[in-house]
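Enquirer: This is the structure I have questions about; it appears just below.
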Amino acid sequence: MPWRFALLIDPAASDDPREDYSRTFSAVAPAGPVLPVGELSTQRGDGIFESIGVIDAHPQEVEAHLERLVRSAQICDLPAPNLAQWRQAIAAAAGHCGTGEAVIKLILSRGVERGPAPTAWVTAADAADFRGPRAEGVRVVTLDRGHDSGAPARAPWLLLGAKTLSYAVNMAAIREAKRRGADDAVFVTTDGLVLEAPTASVIIRTGDEYATPTPAGGILQGTTQASVFSWLDAQGIRTAYRDVSTDELRTADAAWLVSSVRLAAPVSEVDGIPITVDGDVTARLNGYLLSPRD
């Protein structure tokens, strides 16, 4: 992933009235040493982030990502982000993306241990090549997330609905999926409900309905999934937020993993059970997702 740009941010208060935040930005060498040793994002994964897909220098669905950044900050007891400041930082990063697909990452950390303020930065990099998974599909295995569907309400301190930097479990799940001969994983609850993939939302089609698990506390609310549902709704196609059982995933007429950078990857197999890859719908989904969207 060739890095194109990195920008350190001096986080402004959410009610800061300034219109121009350029003096709060500091461009740095993407490959150079920047963060101090005591930075809690690296020591404990204590922070939040967003990954914004970029098409031909156009950052996709910025407001949806910023809204989720605010929700994650609230869940994690981090200072509320100044959205005007972050918008300007995103625009600065997008100017370095050029043509093709790229990704802008927003990171807000609790800062240096015992330090006075949070740390924030934005990066821009070339996106990975996902043309293969989009065309051929991905094989997934279901993995027990280790809690039942009531855990988010009982234990909000687990931060299950926040997009945090603590991604060790997510990466371990993908490694386990590969050990089992699959490409990716889908987390499920101990009582048999589908949650999400480690880095994507799950959409299934059963009959004429497209469904995704209800974005309650245990599921990160997917920006790309919401955009796909808006697109489907505009065409009069039925969508639903509801409980999706593991058995329903395995017997779906079609299924997709969707995310901001991979876009829509059809699921070709669940736990060794083949699922039909709907190439026509997938092509239309990705045609939409590759078009500029605000």
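The values are calculated or read from the model by the stated rules, or taken from the named source; none is laboratory data. Nothing here was measured: the structure is a model prediction, and the numbers come from that model. When we count neighbours, we look across all protein chains shown, and the Cβ atoms used for this are built from the backbone with ideal geometry, even at glycine.
Enquirer: Among the listed residues ALA254, ALA283, ALA211, ALA182, identify the single one that is touching a Lys or Arg at 6+ places or on another chain (Cβ under 7 Å), more than 24 Å from ARG68 (Cβ to Cβ), free of Cβ contacts under 8 Å to residues at least 60 places away in the same chain and not polar (S, T, N, Q). First the steps, then the outcome.
Expert: Details: ALA283 fails: touching a Lys or Arg at 6+ places or on another chain (Cβ under 7 Å); ALA211 fails: more than 24 Å from ARG68 (Cβ to Cβ); ALA182 fails: free of Cβ contacts under 8 Å to residues at least 60 places away in the same chain.
Sole residue among the options that is touching a Lys or Arg at 6+ places or on another chain (Cβ under 7 Å), more than 24 Å from ARG68 (Cβ to Cβ), free of Cβ contacts under 8 Å to residues at least 60 places away in the same chain and not polar (S, T, N, Q): ALA254.
Enquirer: Name every residue in segment 147-204 that is of a type in the set (Lys, Arg) and either buried (at least 21 other Cβ atoms within 10 Å of the Cβ) or closer than 18 Å to GLY45 by Cβ (or both), in order of residue number.
Expert: Filtering segment 147-204 for residues of a type in the set (Lys, Arg) gives 154, 163, 175, 178-180.
Selection gives LYS163, ARG175.
Enquirer: Got a number for residues in segment 247-267 being closer than 18 Å to ASP183 by Cβ and touching a strand residue (DSSP E or B) at 6+ places or on another chain (Cβ under 6 Å)? First the steps, then the outcome.
Expert: If we filter segment 247-267 for residues that are closer than 18 Å to ASP183 by Cβ, which is where we start, we get 249-250, 252, 254-259, 261-267.
Subset that is touching a strand residue (DSSP E or B) at 6+ places or on another chain (Cβ under 6 Å): 249-250, 252, 254-259, 261, 264-267.
Residues that pass the stated criteria total 14.
Enquirer: Take the conditions at pLDDT 95 or above and under 24 Å from ALA226 (Cβ atoms) and apply them to GLU176. Does it pass? If you could, list the steps in order and put the result at the bottom.
Expert: On the way: at pLDDT 95 or above: yes; under 24 Å from ALA226 (Cβ atoms): no.
So GLU176 fails the test.
Enquirer: When you go through ALA80, ALA102, ALA91, ALA124 one by one, which is the residue that is without any contact (Cβ under 8 Å) to a residue 40 or more places away in the chain and among the small types (Gly, Ala, Ser)? Reasoning before the result, please.
Expert: Values: ALA80 fails: without any contact (Cβ under 8 Å) to a residue 40 or more places away in the chain; ALA102 fails: without any contact (Cβ under 8 Å) to a residue 40 or more places away in the chain; ALA124 fails: without any contact (Cβ under 8 Å) to a residue 40 or more places away in the chain.
After applying the criteria, what remains is ALA91.
Enquirer: Could I ask something else about it? List the number of the failed condition for GLN74; all other conditions in (1) crowded, with 18+ Cβ neighbours inside 10 Å; (2) part of a helix (DSSP H, G or I) hold.
Expert: The single condition GLN74 does not satisfy is (1).
Enquirer: Can you name the residue in segment 151-166 that is in contact with a Ser or Thr (Cβ under 9 Å, 6 or more places away or on another chain) and small (Gly, Ala, Ser) and, of all such residues, is nearest to HIS65 (Cα to Cα)? Full working, then the answer.
Expert: Going through segment 151-166, the residues in contact with a Ser or Thr (Cβ under 9 Å, 6 or more places away or on another chain) turn out to be 151, 159, 161-165.
Imposing the further condition that a residue be small (Gly, Ala, Ser) reduces the set to 151, 161-162.
Working: ALA151: 25, GLY161: 14, ALA162: 12 Å.
Ranking the qualifying residues of segment 151-166, first place goes to ALA162.
Enquirer: Of all residues in segment 261-294 being assigned to a loop (DSSP other than H, G, I, E, B) and of a type in the set (A, V, I, L, M), which is nearest to ILE104 (Cα to Cα)?
Expert: Initial filter on segment 261-294 (assigned to a loop (DSSP other than H, G, I, E, B)): 261-262, 271-272, 275-278, 290-294.
Filter once more, keeping what is of a type in the set (A, V, I, L, M): 261, 275, 277, 290.
Values: VAL261: 10, ILE275: 33, VAL277: 30, LEU290: 15 Å.
The residue in question is VAL261.
Enquirer: Pairs, please: C-beta under 8 Å, at least 6 apart or cross-chain, first residue in the same structural domain as VAL202 (by TED's automatic domain parsing) and farther than 18 Å from PRO213 by Cβ and in segment 224-238, second assigned to a loop (DSSP other than H, G, I, E, B) and at pLDDT 95 or above?
Expert: ILE237/ASP208
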